[in-house]
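The values are calculated or read from the model by the stated rules, or taken from the named source; none is laboratory data. This is a predicted model, so every value here is computed, not measured. Because the Cβ atoms are built from the backbone with ideal geometry, glycine has one as well, and the counts that use them run over all protein chains shown. Calculation scope for accessible area: heavy atoms of the full protein, side chains included, ligands and nucleic acids excluded. Shrake-Rupley method; radii C 1.70, N 1.55, O 1.52, S 1.80 Å.
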Amino acid sequence: MNMQLLESILTAYGATSREDGVRAVIAKALEGHVDSLTTDVMGNLIAVRKGDGTGRRIMLSSHMDHIGLIVMDAEEKGFLRVCNVGGIRPANMIGQQVVFENGAAGVVFADENEKSPEIRHLYIDVGAESREEALAIAPIGEIAVYAPSVKKLGEHRLSSPAMDDRIACFIQAQMLLDLPRQVKNEIVAVFSVQEEVGLRGAQTAAFAAEPDMGIALDVTGVGDIPGHENHVPMALGKGAAVKIMDRSLICTPAVVDLMLDTAKENGIMVQREVLPYGGTDAGAIQKTRGGVPSGVISIPCRYIHSAAETVDIRDVQAAYELLLAVVQK
Ligand SMILES: [Zn+2]
């Protein structure tokens, strides 16, 4: 695993709709290793590896964007008021350090006396002493994301605020770098934008790609943490997850079977996934045009949408191996 590439993908700024920094890192890594590399109108980065003409066209999608808080206004004393871009739990934001695209830093807190703070009770302190100064540092419309970091936890685990979904961007990029010269299937690997606000990038990319099959790569929730009551079966360290259902799609049974069979044949550790919440780019791919058989390879992740999204490297390795095997089938 190319840890240097992983770190640069995890630490690049890339709020939803502002994915340019992530796209630049990935494009640089892939240059010369794929048959074409383009950016579409939405901002999706699309890397194509041509097949030998005997296979099918497979669309892959990993999203580059990252949830954040968008500046709405500032108070006289210089505190920025915000709303969310993507799913944010206020409790996860309070006390966190954030950064803007221009590099400005801030800290997030909630109104003092609020017992159960909502997004409208959050503010960002960027060190400004007036409304004018605050909006000069971070104008209305700028988006703050968790300050980048990558921390190793214990022997096998890695924690970063941007794991969703940069870990999948990394797996997808690494797969393209390691793919043999001659492949049967054509691979249209999309590094998508605006997933967190409703799978918007994947929607247009899927329409344009006209794939025979779609596979999204994304993180998924786990039930192996204290107090979890959703009966979610996934856990860290038990392998890649093969999604069966989430709120955006019920995966095409033939695609699920293809993944499970491929894992078995190659001795890759996998777990079956039913997620009673959330969605992925596969939900958009499946419903494009006349319908596309679609599935998801998931990376189990603790504390999704917090500043400490945590994955197990063994699961990352399994997801990588499964993807590499599936696209060559
Ligand atoms: Zn995601």
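Enumerate the calculated ³J(HN,Hα) couplings along the range 103-112 in order (Karplus 6.51 cos²θ - 1.76 cosθ + 1.60, θ = phi - 60°), each rounded to whole Hz, writing x wherever the residue is Gly or Pro.
x, 4, 10, x, 10, 9, 9, 10, 3, 3
Which value, in debye to the nearest 20, gives the size of the charge dipole of the range 68-146 about its Cα centre, when Lys and Arg are +1 and Asp and Glu are -1 at the Cβ? Numbers along the way, then the final one.
Values: 6 positive and 13 negative charges, 66 e Å.
In debye, rounded to 20, the range 68-146 gives about 320.
Using the Cα centre of the range 205-329 as origin and beta-carbon charges of +1 (Lys, Arg) and -1 (Asp, Glu), tell me which of Ala209, Tyr320, Ile299 is placed farthest towards the positive end of the dipole.
Comparing the listed Cα positions along the dipole, Ala209 ranks first.
What value, in deg cm²/dmol to 500, does the helix sum -39500 (n - 2.57) over DSSP H runs of n ≥ 4 give at 222 nm once divided by the residues of the chain? Please list the in-between numbers first.
Values: 9 runs with 90 residues, N = 329.
Dividing the helical sum by the residues of the chain leaves -8000 deg cm²/dmol.
Ignoring everything but the protein chains, give the 1.4 Å probe accessible area of Ser160 in square angstrom, nearest 10.
Ignoring ligands and nucleic acids, Ser160 comes out at about 0 Å².
Averaged per residue, what accessible area in Å² does the chain show with a 1.4 Å probe, protein chains only?
Working: 13920 Å² over 329 residues.
Averaged over the residues of the chain, the accessible area is 42 Å².
Taking the Cα centre as origin and putting +1 on Lys and Arg beta-carbons and -1 on Asp and Glu beta-carbons, what dipole magnitude results for the chain, to the nearest 20 debye? Kindly include the intermediate steps, with their values, before the conclusion.
Details: 30 positive and 43 negative charges, 207 e Å.
Here the size comes out at about 1000 debye.
Would you please give the residues with an amide H less than 5 Å from that of Arg18, counting only those at least 5 places away or on a separate chain, with H modeled from the backbone geometry?
Hits under the 5 Å cutoff: none.
Lysine pairs in the chain 8 or more apart or on different chains: how many have alpha carbons under 16 angstrom apart?
Numbers: Lys50/Lys184; Lys50/Lys329; Lys184/Lys329; Lys238/Lys264; Lys243/Lys264; Lys264/Lys329.
So the count works out to 6.
Rounding to the nearest 10 and keeping the result within 0 to 90°, find how far the Cα-based axis of helix 200-209 lies from the longest principal axis of the chain.
The helix 200-209 is inclined about 30 degrees to the chain.
Taking the Cα centre of each part, how many Å lie between the range 11-47 and the range 161-204?
Comparing the Cα centres of the range 11-47 and the range 161-204, I get a distance of 10 Å.
What's the carbon and sulfur percent of the chain's accessible surface, probe 1.4 angstrom, rounded to a whole number? Kindly include the intermediate steps, with their values, before the conclusion.
Working: 7040 of 13920 Å².
Reported share for carbon and sulfur atoms: 51 percent.
Suppose R0 equals 22 Å. What FRET efficiency, 1/(1 + (r/R0)^6) with r the Cβ-Cβ distance, do Ile225 and Lys151 give to the nearest 0.05?
Values: r = 17 Å, r/R0 = 0.79.
The pair Ile225/Lys151 has a calculated efficiency of 0.80.
What do you get for the angle between helix 20-30 and the principal long axis of the chain? Use alpha-carbon atoms, 0 to 90 degrees, nearest ten.
30 degrees
Considering only DSSP states other than H, G, I, E and B, which GluC sites (Glu not before Pro) in the range 1-100 qualify as loop sites with at most 13 other Cβ atoms within 10 Å? Display every interim value, and only then the final one.
Numbers: sites: Glu7, Glu19, Glu31, Glu75, Glu76; in loops: Glu19, Glu31, Glu75, Glu76.
Listed in order of number, the matching sites are Glu31, Glu75, Glu76.
Could you list the residues of the range 25-63 with an amide nitrogen less than 15 Å from a label point located 7 Å from the Cα of Glu210 in the Cα-to-C-beta direction?
What the label zone holds, given the 15 Å backbone N cut-off, is 56-59.
Against the longest alpha carbon principal axis of the chain, how many degrees, from 0 to 90 and to the nearest 10, is the axis of helix 163-178 turned?
Around 40 degrees separate the two axes.
With r as the distance between the Cβ atoms of Arg289 and Ser130 and R0 = 45 Å, compute the FRET efficiency 1/(1 + (r/R0)^6) and round to 0.05. Intermediate values should be presented prior to the final figure.
Numbers: r = 53 Å, r/R0 = 1.17.
It comes out at approximately 0.30.
Enumerate the calculated ³J(HN,Hα) couplings along the range 52-62 in order (Karplus 6.51 cos²θ - 1.76 cosθ + 1.60, θ = phi - 60°), each rounded to whole Hz, writing x wherever the residue is Gly or Pro.
8, x, 9, x, 10, 9, 10, 9, 10, 8, 10
Please work out how much length the chain gains when fully extended from Arg272 to Ile140, using 0.36 nm per residue of separation minus the C-alpha to C-alpha distance, in nm with one decimal. If you can, show how the numbers build up before the last one.
Details: separation 132, 0.36 × 132 = 47.52 nm, distance 4.32 nm.
In short, 43.2 nm is gained.
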